[in-house]
Amino acid sequence: MTATIPTSVVLIVSVTSDIGTQLAHHYLARGHVVCGTYRSKLPPSLEGNDRFHSFACDVSSPLCKDAIKQFFTQSGLRWTVFISCVGQLDPIGLFFESDFETWADSVHTNSTAQLRALHASYPFRCTSDSSHAVFFAGGGTNGVFRAYSAYCVGKIALIKMCELLDDEAPELNTFIVGTGWVRTKIHAQTIAAGSRAGINWGTTQAFAADASKGTSYTDIASLIDWGIERGKPVAGGRNFSVVHDAWREGGHALENSLRMDPNKFKLRRHGNS
């Protein structure tokens, strides 16, 4: 069963990403107003819809906060759902073989840059209803992710920040979603890296060659809607897996288990006594 959320304003940071574009179509088709950020060029499929609004915003730049403030001040819109679709794999390679400043910039893009966008957007949320902030996790949560340390470290920071925000901001339902393998253009970075990507180079090439593989955009949107519909008592501060978690068909057993265990689906030290 597909979850439904009340008609609202959805802010998608990096609407030009493949997931961002598909989420924009998902919410527009359901009657929502969608605001999307872009760096250079919008997808043609989103042009001409009177419920779609866009503005230029490079989240990696400190000027991002000014662009967000200007847009919401001028438009008068107030968001209910914030979704960050930002992600960068580069630099791919071993830590000590990577340029450190490039590595640090990637950690920033994958974590604090997105948090700056949320920080700047926060004053422009809709205060008459519950607000929701959604991020995307990455590989390495349950083990090493060799050659992708900048991406991994940034995403781990987002996972923990969702829990911190859940504690600090009672008016905000903040959670993060692990999508699994999705057929998006981000994989071109791995293919271009060649042997620097290690075994993931061949794995990514095989994935790209098999059109039957990959998490669907529909499943990604449906899990986000499930977390929004269930709200903060269930989703707040959690790290969800689209592929492995039992959220489908209502997800009632999953909902009950999360209500009973405040530590579940959060970043924890394994084996604590």
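Among residues of segment 120-145 that are at positive phi, those with a Cβ under 9 angstrom from a residue that is of a type in the set (Phe, Trp, Tyr) and outside any loop (DSSP other than H, G, I, E, B), sequence gap 6+ or separate chain, pair up as Gly140/Tyr151. Here Asn200 meets each of (1) closer than 16 Å to Gly93 by Cβ; (2) modelled with pLDDT of 95 or more; (3) surrounded by 20 or more Cβ atoms within 10 Å (Cβ to Cβ); (4) of a type outside the set (Gly, Ala, Ser) with one exception, condition (2).
Quick grid of which residues meet (1) small (Gly, Ala, Ser); (2) part of a loop (DSSP other than H, G, I, E, B):
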site: Ser121; (1), (2): yes, no
site: Val134; (1), (2): no, no
site: Gly143; (1), (2): yes, yes
site: Gly154; (1), (2): yes, no
site: Ala157; (1), (2): yes, no
site: Met161; (1), (2): no, no
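Of the numbered criteria (1) more than 30 Å from Phe265 (Cβ to Cβ); (2) in contact with a Pro (Cβ under 8 Å, 6 or more places away or on another chain), the one Phe52 fails is (2). Beta carbons closer than 7 Å, at least 6 apart along the sequence or on distinct chains, pair a first residue in segment 248-273 that is on the phi > 0 side of the Ramachandran plot with a second that is exposed (fewer than 10 other Cβ atoms within 10 Å of the Cβ) for Glu249/Met1; Gly250/Met1.
When Ala211 is tested against (1) farther than 22 Å from Phe145 by Cα; (2) surrounded by 11 or more Cβ atoms within 10 Å (Cβ to Cβ); (3) small (Gly, Ala, Ser), just one condition goes unmet, and that condition is (2).
Kindly check whether there is at least one residue in segment 70-77 that is among the β-branched types (Val, Ile, Thr), surrounded by 22 or more Cβ atoms within 10 Å (Cβ to Cβ) and modelled with pLDDT of 95 or more. No - not one qualifying residue is present in segment 70-77. Among the residues of segment 87-119, the ones that are surrounded by fewer than 22 Cβ atoms within 10 Å (Cβ to Cβ), of a type in the set (A, V, I, L, M, F, W, C) and over 20 Å from Ala169 (Cα atoms) come to 7 in all.
Residues in segment 226-259 that are surrounded by fewer than 19 Cβ atoms within 10 Å (Cβ to Cβ) and among the charged types (D, E, K, R): Glu229, Asp245, Arg248, Glu249, Glu255, Arg259. Among the residues of segment 163-191, those identified as in a loop (DSSP other than H, G, I, E, B), closer than 17 Å to Ala137 by Cβ and in contact (Cβ under 8 Å) with a residue 40 or more places away in the chain are Thr179, Gly180, Val182, Thr184, Ile186. In segment 57-68, of all residues being hydrophobic (A, V, I, L, M, F, W, C) and surrounded by 14 or more Cβ atoms within 10 Å (Cβ to Cβ), the one that is nearest to Val33 (Cα to Cα) corresponds to Ile68.
The values are calculated or read from the model by the stated rules, or taken from the named source; none is laboratory data. Everything numeric here is computed off the predicted structure, so don't read it as measured data. Cβ sites come from the backbone with ideal geometry, for glycine too, and all protein chains shown count toward neighbours.
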